[in-house]
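Beneath this line is the structure, given in structure tokens, with notes to follow.
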Amino acid sequence: MLRRLVAVAAVCTMTGCGASASHPSAARQTVSSTASTKPSSAPTSAQSPARSSARPTVPATGGAGYDAALSARLLSADLVPSGFTVEIATTMPSDAGNQRPPADAPCSDSTIPFLSATRLTGTPAAMAAATVSGTADAGQVWVGNEVLRTYTGDGARQALADLRAFVGRCPVVTTSSGQDVLTFRYAVAPGPRLGDESVRLSCSMTSGSDPLLCDGILIRTGTTLVAVQDQGDQSADDPYLAQLAEAAVRRYQTTGS
């Protein structure tokens, strides 16, 4: 039941109906999301063993930060597990730019978006995002997202370096919302051998005795970051995350110019 509630909250976050992730009352919903996005219409999820390569509709225009050409390089229906869907997003918030937390800033709820990679430092030249969801093992709902960010210059490498530094400085954040005390824990480790470098981000949120786990993989390939994160997983061993991350980076590398 908790997982299903979190999945609903994650979809709400991705469609922009929730509050800002920097506020403690919203943090439990956004512990692992990388962007507040508004998905467009999704394709049907029925897939046979020889699945169709039909892609979600990629709108020609979208909101601020949306890039149609980059959206066409997101995961496609034939690259996700059977029964999963991909919903292309057209509205994305800006990243942090030069607004890095000061080195002496306290580890508080205001740093959670940086620690969870909801926001990255730097300003992408273009972005694209999608929600990936489906029914996982034992009938549980799996909800995650993919975000592509392209940068000019050294922005992609610097964003990963900053993420490592933030988590190294603030691996634990304790905050409160009303009578609830929320404890967030973060850790980074080397990711899969894909692209030029990668990071695996693990996080958890505990309120009382109920832990909520999340996991994410960020891969740099040239001047682009490919990020795939689950939202509200309760399993320490997510069977889909690595599979989707590898498919996402391969898709990006084999498309476009």
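Values as computed for the structure displayed
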quantity: Members of the stretch 59-107 found to be under 19 Å from residue 150 (Cα atoms) and aromatic (Phe, Trp, Tyr), listed by number; calculated: 66
quantity: Count - residues of the stretch 62-85 that are of a type in the set (S, T, N, Q) and buried (at least 20 other Cβ atoms within 10 Å of the Cβ); calculated: 2
quantity: Scan of the stretch 188-197 for residues that are in contact (Cβ under 8 Å) with a residue 12 or more places away in the chain and either more than 16 Å from residue 215 (Cα to Cα) or surrounded by 13 or more Cβ atoms within 10 Å (Cβ to Cβ) (or both), ordered by number; calculated: 188, 191, 192, 194, 195, 196, 197
quantity: Meets criteria (at pLDDT below 90 and polar (S, T, N, Q)) for residue 57; calculated: yes
quantity: Some residue of the stretch 166-185 being of a type in the set (D, E, K, R) and touching a residue at least 60 places away in the same chain (Cβ under 8 Å); calculated: yes
quantity: Residue in the stretch 228-250 that is touching a helix residue (DSSP H, G or I) at 6+ places or on another chain (Cβ under 7 Å), among the hydroxyl-bearing types (Ser, Thr, Tyr) and surrounded by fewer than 20 Cβ atoms within 10 Å (Cβ to Cβ) present; calculated: no
quantity: Residue that is under 22 Å from residue 65 (Cα atoms) and of a type outside the set (Asp, Glu), where the choices are 212, 244, 218, 201; calculated: 218
quantity: Only one of 135, 206, 152 that is among the hydroxyl-bearing types (Ser, Thr, Tyr) and at pLDDT 90 or above; calculated: 152
quantity: Residue count for the stretch 123-139, restricted to those that are crowded, with 24+ Cβ neighbours inside 10 Å and not hydrophobic (A, V, I, L, M, F, W, C); calculated: 3
quantity: Sole residue being modelled with pLDDT of 95 or more and assigned to a helix (DSSP H, G or I), chosen from 199, 188, 226, 249; calculated: 249
quantity: Residue selected from the stretch 157-177 under the condition in a helix (DSSP H, G or I) and more than 20 Å from residue 224 (Cα to Cα), by the criterion farthest from the chain's Cα centre (by Cα); calculated: 169
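The values are calculated or read from the model by the stated rules, or taken from the named source; none is laboratory data. Just so you know, these numbers come straight off a predicted model, no measurement behind them. Glycine also receives a Cβ, built like all others from the backbone with ideal geometry; neighbour counts cover every protein chain displayed.
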